[in-house]
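S.K.: Below you'll find the structure I mean.
Read-outs: derived from the displayed coordinates by stated rules, not from any lab. Quantities reported herein were computed from a predicted structural model and do not represent experimental measurements. Don't worry about glycine lacking a Cβ; one is built from the backbone with ideal geometry, like all the others, and counts go over all protein chains shown.
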Amino acid sequence: MKKRVTVVLPTYNEKANIERTIEKVFEQEKDIPGFEINIIVADDIRSSDGTEQIVRSLIKKNKKIHFIKVEPGLGVGLIEGHKYALEHLSPDILAQLDADGQVIADVLVGLVKAIEEGYSLAIGSRFIKGGKNHLSFIRRIFTYGASIFCRLMIGPWDIGEVTNSARAFTPELFRKINLNRLPWREPTFIVQPAFLHEAILAGAEYKEVPLIFKNRLEGYSKNKVFNYTYDVITYGIDTRLNSWGVHIRFFHITRRAKTLVKFGLVGFVGTLVDFVFYKIFINSFGIAPATAKGFSTEIAIINNFILNNYWTFRYRRTKTNIWQKLGIFNIVSLGGLLIGVLIVKYLHLTYGDGFVNLFGRPIAYNNFYFFVTIPPVMLWNFTINHLVTWRREEN
Ligand SMILES: Nc1nc2c(ncn2[C@@H]2O[C@H](COP(=O)(O)OP(=O)(O)OP(=O)(O)O)[C@@H](O)[C@H]2O)c(=O)[nH]1
Ligand SMILES: [Mg+2]
């Protein structure tokens, strides 16, 4: 009876590479006698280039290939892939590789052998003898920078490679890893260093084996180096704080803060839209300030909904569809609209129409009425939309 190693290949638009990668992986079977290879392609639901069709046609000829569709994010692809393997394939070793042909597939042989030697985690590494990194200069700087930073902040010092997916581990180790703490659902590559960290906390005995990393064969990179840097730094700080006993979920907060920053920018644009229409309604149509504010805000609401849905909260999986969200967003924003209208009404009743001279120019009171409404309305909007409209689906 042969032992089985399952290899997860996460894909996101890899039609140009997936077939060759699968072939190369199966070719390694001859160098790991006693093992049978099974492949799980974990294809991102956003993949639209026909990766799925290619894999499905390969599956017809080869039952050792499996296919799952997964939610966005590299971490989701990897973790769901391993979960699938554990549920359906009774693997002896879990492995994972990039699907774009960048890693020379023979690393798999080294990975499997390390597990056979008794290690519970094998790491494909560009940092040890025999390993190579053929990326562009900028990307190499990132690889080195991330490595040094993670060794210092997260540890352990003796692991060089933290940012590559080429790894193998035992099912026992995988089951011990605290997936609730691992930010694997975040659509960022942080899962690579974070998984390593959690594996070590779970008691992994590790070994690095040489990995040769080329430039990708075809297709385009999904690695957003800037975002990745942000995440590596905040994750590193998070783990360091935790090791000092400061449990403030720094990584989580700074990732959420990204959302808050985006929401703030949308709010800013919306406020400009609101203000422009508010002034047009007052000056060109002679509409009273409070009424003008009501109409201009509704226009801004629609503007903000579109921006938030397709940008700020783009990756949020919610239980509601877009029309329900638009409805909820509108109801929620009506709260903000009401707050705005009441404030303008109150100020208008109290102070009336008038002008102040600012830098030699007369500025209408209604401008100030408008600006007073911004902070309370923003606060209301963010809180409620965060908690209600784009409420994360619970699992
Ligand atoms: N399922 C899934 N797979 C992904 C996602 N992002 C990347 N991948 C796959 O993960 C692997 C690594 O992604 P790459 O874009 O090659 O990242 P990289 O190797 O750091 O960048 P390059 O050097 O430019 O290729 C590839 O097989 C991708 O198709 C994702 O969001 N979901
Ligand atoms: Mg790649």
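S.K.: Roughly speaking, what is the stretch gain from residue 106 to residue 56, that is 0.36 nm per residue apart minus the C-alpha to C-alpha distance, in nm to one decimal?
M.R.: 15.5 nm
S.K.: Please report how far the C-alpha centroid of the stretch 36-103 lies from that of the stretch 155-179, rounded to the nearest whole angstrom.
M.R.: One Cα centre to the other: 19 Å.
S.K.: Measure nothing fancy, just the Cα-based angle from helix 322-351's long axis to the longest principal axis of the chain, in degrees from 0 to 90, nearest 10.
M.R.: It works out to around 30 degrees.
S.K.: For the chain, modelled as a GNM with alpha-carbon contacts under 10 angstrom, which of 27, 186, 208 fluctuates the most?
M.R.: Largest GNM mean-square fluctuation: 27.
S.K.: In debye, nearest 20, what is the charge dipole magnitude of the chain about its Cα centre with +1 on Lys and Arg Cβ and -1 on Asp and Glu Cβ, if you could check?
M.R.: Charge dipole, the chain, about its Cα centre: 420 debye, nearest 20.
S.K.: For the ranges 117-127, 91-101, what's the packing order if you count other beta-carbon atoms within 10 Å of each residue, average per peptide, and put the highest first?
M.R.: 91-101, 117-127
S.K.: What residues have an amide H closer than 5 Å to that of residue 8, excluding those fewer than 5 places away on the same chain, when H is modeled at 1.01 Å from N in the peptide plane?
M.R.: It is 40, 95, 96, 97, by chain and number.
S.K.: For the chain, treating each Cα as an identical point scatterer without solvent, what Debye log10 I(q)/I(0) comes out at q = 0.08, 0.11 1/Å?
M.R.: -0.55, -0.84
S.K.: Relative contact order of the chain, please, whole-number percent, based on alpha carbon pairs below 8 angstrom and at least 6 residues apart.
M.R.: 14 percent
S.K.: Which whole-Hz couplings ³J(HN,Hα) result when phi for each residue of the stretch 360-372 is put into the Karplus expression 6.51 cos²θ - 1.76 cosθ + 1.60, θ = phi - 60°, listed in order with x for Gly and Pro?
M.R.: For the stretch 360-372, the Karplus-derived couplings read x, 10, x, 10, 5, 3, 4, 4, 5, 4, 4, 5, 4 Hz, x marking Gly and Pro.
S.K.: Lys/Arg Cβ at +1, Asp/Glu Cβ at -1, dipole of the chain taken about the Cα centre: which of 58, 78, 118 is farthest positive-ward?
M.R.: Going by the Cα projections, it comes out as 78.
S.K.: Something else: Anyone know which of 351, 235, 206 comes out most mobile in the 10 Å Cα GNM of the chain?
M.R.: 351
S.K.: Moving on to the next point. If you average the sequence gap of Cα pairs under 8 Å that are 6 or more apart and divide by the length of the stretch 252-389, what percent do you get for the contact order?
M.R.: 25 percent
S.K.: Something else: What translational D, rounded to a whole number of µm²/s, comes out for the stretch 252-389 from Stokes-Einstein when the hydrodynamic radius is the Kirkwood one over Cα pairs, at 4 °C and 1.567 mPa s?
M.R.: After rounding, the answer is 82 µm²/s.
S.K.: Under a point-charge model restricted to the Cβ atoms of Lys and Arg (+1) and Asp and Glu (-1), what is the dipole moment magnitude of the stretch 252-389 relative to its Cα centre, in debye to the nearest 20?
M.R.: For this selection, approximately 760 debye.
S.K.: Right, next: Can you tell me the order of 317-330, 210-223 when each peptide is scored by its average per-residue count of other Cβ atoms within 10 angstrom, highest first?
M.R.: 210-223, 317-330
S.K.: Using a Gaussian network model of the chain with C-alpha springs under 10 Å, which one of 287, 154, 37 is most mobile by mean-square fluctuation?
M.R.: Taking springs between Cα atoms under 10 Å, the residue moving most is 287.
S.K.: Going through the cross-link list 69/224; 2/83; 129/176; 63/176; 15/224; 293/325, which pairs have a Cα-Cα distance over 27 Å in this structure?
M.R.: 129/176; 63/176, as the Cα separations exceed 27 Å there.
S.K.: Could you run the Karplus curve 6.51 cos²θ - 1.76 cosθ + 1.60 with θ = phi - 60° over the stretch 191-205 and give me ³J(HN,Hα) per residue in whole Hz, x for Gly and Pro?
M.R.: 4, 5, x, 5, 4, 4, 4, 5, 4, 5, 4, 7, x, 4, 9
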